[in-house]
Amino acid sequence: ALVLLSSAYEVLSSSIWIVAWLVLGRLFGASFHLPPLLPTIVLMSLVMAAFASAGVLSAGMIIYFKRGDPITWAISSGSALLGGVFFPPDALPAPLDRISDILPITHAVAGFRELVVNQAGWSGIGLSIQYLAIFTLIVLPAGLFLFHLALRRARLEGTLIQY
């Protein structure tokens, strides 16, 4: 219940921030449209699944190595810069552009930009949906496997109480 409620809080908090930024953008003259509901729900669900998958992988690494993990650090520190939040990834040098293609935030931002700014439908977000689904299908099982191994190791060592 604690994990579920803390996750629900994060989703609610993020949703409020998104609405606040959209209102602020509108006040400063930004032009955008309300996206179609079904594609938005599908894209949002896949974005949450992709980031939850990375979170499970991260949690497994923390329990296994008993330290902060490099996955969370790498994704969180580079995501906004490389993911297209501030400027398009195409403006990055070639090696960084390729790294940005791996990050799920790049495809989330591109998908939502297509929905909100370009009024695209399914065809505009198809590649974003496809990437996020593949990312989740690869990272979630890997994360669950590592998490299972980490829990088993922590139980055997008697260190599970630390978490």
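Please enumerate the residues belonging to the range 24-64 that are of a type in the set (Val, Ile, Thr) and out of contact with any Phe, Trp or Tyr (no Cβ under 9 Å at 6 or more places or on another chain).
41, the sole residue that qualifies.
Looking at the range 78-97, is at least one residue within 20 Å of residue 15 (Cα to Cα) and assigned to a helix (DSSP H, G or I)? Quick ask: steps written out before the conclusion?
Narrowing the range 78-97 to residues within 20 Å of residue 15 (Cα to Cα): 79-80, 83-86.
Still in the running and assigned to a helix (DSSP H, G or I): 79-80.
Yes; the residues of the range 78-97 include at least one that is within 20 Å of residue 15 (Cα to Cα) and assigned to a helix (DSSP H, G or I).
Residue count for the range 7-44, restricted to those that are among the hydroxyl-bearing types (Ser, Thr, Tyr) and surrounded by 13 or more Cβ atoms within 10 Å (Cβ to Cβ): 2.
Being assigned to a helix (DSSP H, G or I) and small (Gly, Ala, Ser) is the filter; apply it to the range 135-163 and report the residue that is modelled with the highest pLDDT. Break it down stepwise before answering.
Taking the range 135-163 as the starting set, the residues that turn out to be assigned to a helix (DSSP H, G or I) are 135-157, 160-162.
Going one step further and asking which of them are small (Gly, Ala, Ser), we end up with 142-143, 150, 154.
On the way: 142: 93, 143: 90, 150: 89, 154: 86.
Filtering the range 135-163 for residues that are assigned to a helix (DSSP H, G or I) and small (Gly, Ala, Ser), the one modelled with the highest pLDDT comes out as 142.
Matching residues to (1) at pLDDT 85 or above; (2) farther than 24 Å from residue 154 by Cβ:
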residue	(1), (2)
10	no, yes
16	yes, yes
25	yes, yes
43	yes, yes
49	yes, yes
54	yes, no
66	no, no
91	yes, yes
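Where residues in the range 103-122 are in a helix (DSSP H, G or I) and either charged (D, E, K, R) or modelled with pLDDT under 90 (or both), which of them is most open to solvent (accessible area, probe 1.4 Å)?
To start, the set of residues in the range 103-122 that are in a helix (DSSP H, G or I) comprises 104-116, 122.
Cutting the leftovers down to either charged (D, E, K, R) or modelled with pLDDT under 90 (or both) gives us 113-114, 116.
Numbers: 113: 102, 114: 59, 116: 32 Å².
Filtering the range 103-122 for residues that are in a helix (DSSP H, G or I) and either charged (D, E, K, R) or modelled with pLDDT under 90 (or both), the one most open to solvent (accessible area, probe 1.4 Å) comes out as 113.
Going through (1) farther than 17 Å from residue 60 by Cβ; (2) surrounded by fewer than 16 Cβ atoms within 10 Å (Cβ to Cβ); (3) under 15 Å from the mean Cα position of the chain (by Cα) one by one, residue 138 falls short only on (1).
The values are calculated or read from the model by the stated rules, or taken from the named source; none is laboratory data. Note that the coordinates shown come from a computational prediction; the quantities given were computed from them, not determined experimentally. Cβ: placed from backbone, ideal geometry, glycine included. Neighbour counts: every protein chain shown. Surface accessibility is based on the protein's heavy atoms, side chains included, excluding ligands, DNA and RNA. Shrake-Rupley method; radii C 1.70, N 1.55, O 1.52, S 1.80 Å.
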